[in-house]
Amino acid sequence: MKLVVLGPPGAGKGSLAMAIKAATGVAHISTGDLLREEMKNESDLGLEAKKFIDSGDLVPDELVTRLVENKLKSDSTLDKGYMLDGFPRTEVQAKDLNRILKGLEKELDYAIYLEASLPIILKRLTGRRVCRNCGALFHMTNKLPKQEGVCDQCGGELYQRADDNEETIKTRMDVYLKNTKPITDYYRGSGILKEIDGDAQTEDLQRVLTQIFDGR
Ligand code: AMP
C-alpha cells in the first residue's frame, strides 16, 4: 500500500499514520520528523530549514523533495509500501513526487485527506506533547501521560514543539490554505483521493481504513 496523508496541521495526520502503520506494517515517513532530525543533528539542511519551521513557513520545495527522494531511493523497507505524512505540501512537490515515484515504479494507491476545523486544530496543537525519543503523541487534556512529562511507551521525555504556539499555528494554517489545500484537487482529478473528517476521527478513520482494505 502506497499512500500520502494530506490535511491541515492538527487534523490528526500523525495519529492516522501511526494507526495505518500498526494495521498494515507499512513504513511511515513524516517530512516534519525528517526535518526535525536534521535540525537536531545540526546538518546544513537542518540549519537552513530551522528558520522556516520556527516561523511556521514552508521549507523550500527543493530541500524537502531532495530529502524525500533520498529516503525513497535508499530505504529498502519501503518496497512493501509507504505512507508519506506532511508531503507533498505544494503543487510543485506533488508533481515532483509523481515523477520520482513513476521512475521508481512505486506509484501512489491513495491520497488520504483529513479535514478539521480551526477551533479543534488550535485545541489539539496547543495541548500536544511529543515524545523526544519515540515520537508518541500525548495531549494535556485529551490524552494525558500516566506520569507528567514522561512517555507511557518508552519512558522518554515529552516536549512541546516550538511551532505549536497559537501565533505560529495561525501562520501554518494560512500557509496550508494557500499552498496545500489546492493539491487535493490534483489528487481528486487522478481519482485516488479519500476524504476523512478529522473532527470526528475515530469512526471515520475506521470506515476509510475498511474501504481501503476492501479495495473499494
Ligand atoms: P509537520 O511536522 O508536518 O507539522 O511539519 C512541521 C514543519 O516542517 C512545517 O510547518 C514546515 O515548516 C516543515 N515541513 C514539513 N513538511 C514540509 C513540506 N513537505 N514542505 C515544506 N515544509 C515542510
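Of note:
- Pairs where the first residue, in region 39-67, is at positive phi and the second is assigned to a helix (DSSP H, G or I), C-beta under 7 Å, 6+ apart: Gly56/Thr168; Gly56/Thr171; Gly56/Arg172; Gly56/Val175
- Of the residues in region 95-117, at least one is closer than 19 Å to Thr184 by Cα and within 11 Å of the ligand (Cβ to nearest atom).
- Test: Asp152 is assigned to a loop (DSSP other than H, G, I, E, B), closer than 27 Å to Tyr82 by Cα and either modelled with pLDDT of 90 or more or more than 20 Å from the chain's Cα centre (by Cα) (or both): yes
Residues checked against (1) acidic (Asp, Glu); (2) in contact with an Asp or Glu (Cβ under 7 Å, 6 or more places away or on another chain); (3) crowded, with 18+ Cβ neighbours inside 10 Å:
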position: Asn70; (1), (2), (3): no, no, no
position: Tyr82; (1), (2), (3): no, no, yes
position: Gly86; (1), (2), (3): no, no, yes
position: Thr90; (1), (2), (3): no, yes, yes
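- Residue within region 18-26 that is buried (at least 20 other Cβ atoms within 10 Å of the Cβ), of a type in the set (Ser, Thr, Tyr) and more than 18 Å from Asp163 (Cα to Cα) present: no
- For region 133-149, the set of residues classified as modelled with pLDDT under 95, on the phi < 0 side of the Ramachandran plot and surrounded by 14 or more Cβ atoms within 10 Å (Cβ to Cβ) consists of Ala136, Leu137, Phe138, His139, Met140, Lys143, listed by residue number.
- Restricting region 33-44 to residues that are assigned to a helix (DSSP H, G or I) and surrounded by fewer than 19 Cβ atoms within 10 Å (Cβ to Cβ), the residue that is nearest to the ligand (Cβ to nearest atom): Asp33
- Between Arg89, Arg99, the distinction of being part of a helix (DSSP H, G or I) and within 18 Å of Ile183 (Cα to Cα) belongs to Arg99 only.
- Residues that are within 18 Å of Cys131 (Cβ to Cβ), near the ligand (Cβ under 7 Å from one of its atoms) and not in a strand (DSSP E or B) are absent from region 16-31.
- Pick from region 51-68, criterion loosely packed, with under 14 Cβ neighbours inside 10 Å and among the acidic types (Asp, Glu), ranking: nearest to the ligand (Cβ to nearest atom): Asp54
The values are calculated or read from the model by the stated rules, or taken from the named source; none is laboratory data. Since we're looking at a predicted model, the values are computed, not measured. Positions of Cβ are generated from backbone atoms using ideal geometry, with glycine treated the same way; all protein chains shown enter the neighbour counts.
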